[in-house]
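Okay, structure first, notes after.
The values are calculated or read from the model by the stated rules, or taken from the named source; none is laboratory data. For clarity, every value in this text was computed on a predicted model and none was experimentally measured. Cβ atoms come from the backbone with ideal geometry, glycine included; neighbour counts cover every protein chain shown. All accessible areas refer to the heavy atoms of the entire protein, side chains included, with ligands and DNA or RNA removed. Shrake-Rupley method; radii C 1.70, N 1.55, O 1.52, S 1.80 Å.
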Amino acid sequence: MKRQDTVYRIARFVVWVIAKTVFRLKVTGQENIPKDGSLLVCANHSSNWDPVFLVSAIPPKRAVRYMAKEELFKVPALKQLMIAAGTYPVGRGQGDRQALKRTIELLNSDETVGIFPEGTRSEPGEFTAAQPGVGFFALRSNAQILPIAIIGSYRPFKRMHVAVGKPVDISDLRDQRGAAKAISDRIMDEIKSVYFNHA
């Protein structure tokens with residue numbers, strides 16, 4: 001097992017314990033997670049805890065990779081841990097070409113990438129429009145797209161629920177004009193559908 005995978009599994013176990021004990025995490029729909037191939041995991045975003053809940057919901061053999069703001073990589077010990085776990089930096093503002101390139105490389109190498117289509121946090125149970133970036137990644141890879149709803153108040157010892165939906169079919173949108181935005185909107189609609197079906 002590669003060192004990166006070992007670090008990831010250890011870190012995942014730690015955050016899983018926190019999610020289960022502090023937030024009484026419940027996960028449903030895990031049968032919808034594809035066993036093979038690249039995967040773009042897309043979820044609503046209301047808290048800095050969301051990556052913890054997503055990592056806890058996805059089986060450990062599918063290490064979920066995330067972009068993280070580049071400032072975090074300036075902290076020496078944290079930088080090494082994040083790199084070992086497969087996290088990669090993204091610059092502030094739009095159009096960090098290296099981060100975009102890295103994401104596409106991961107998705108074209110049967111990896112799993114986690115992303116929050118809204119691009120920013122919203123209040124629990126509320127949603128903002130999806131940014132076209134998630135559609136951009138979907139168009140430039142053959143990754144399956146997994147919509148996930150994170151449901152709950154984020155209060156300690158109150159149950160948090162991660163509901164995994166069925167992969168999103170975008171085959172009819174790939175050749176359309178403005179496909180990236182249309183795909184982003186469809187993914188966000190699927191996330192909302194999963195959310196309201198389980199809230």
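Residue pairs whose Cβ atoms lie under 9 Å apart, separated by 6 or more positions or on different chains, with the first residue in the range 152-164 and over 21 Å from Gln30 (Cβ atoms) and in contact (Cβ under 8 Å) with a residue 12 or more places away in the chain and the second of a type in the set (Ser, Thr, Tyr) and assigned to a loop (DSSP other than H, G, I, E, B), are Tyr154/Ser46; Tyr154/Ser47.
If you go through the range 69-110 and keep only what is surrounded by 19 or more Cβ atoms within 10 Å (Cβ to Cβ) and modelled with pLDDT of 85 or more, you end up with Thr103, Leu106, Leu107. Inspect all residues belonging to the range 164-173 and state whether any of them is under 15 Å from Pro117 (Cα atoms), surrounded by fewer than 22 Cβ atoms within 10 Å (Cβ to Cβ) and of a type in the set (S, T, N, Q). Taking every residue of the range 164-173 in turn, none turns out to be under 15 Å from Pro117 (Cα atoms), surrounded by fewer than 22 Cβ atoms within 10 Å (Cβ to Cβ) and of a type in the set (S, T, N, Q).
Pick from the range 13-44 the residues that are assigned to a loop (DSSP other than H, G, I, E, B) and closer than 19 Å to Pro124 by Cα: which of them is most open to solvent (accessible area, probe 1.4 Å)? The qualifying residue most open to solvent (accessible area, probe 1.4 Å) is Arg24. Scanning the range 137-159 for residues that are outside any loop (DSSP other than H, G, I, E, B), over 13 Å from the mean Cα position of the chain (by Cα) and closer than 12 Å to Asn44 by Cα yields a single hit, Ile151.
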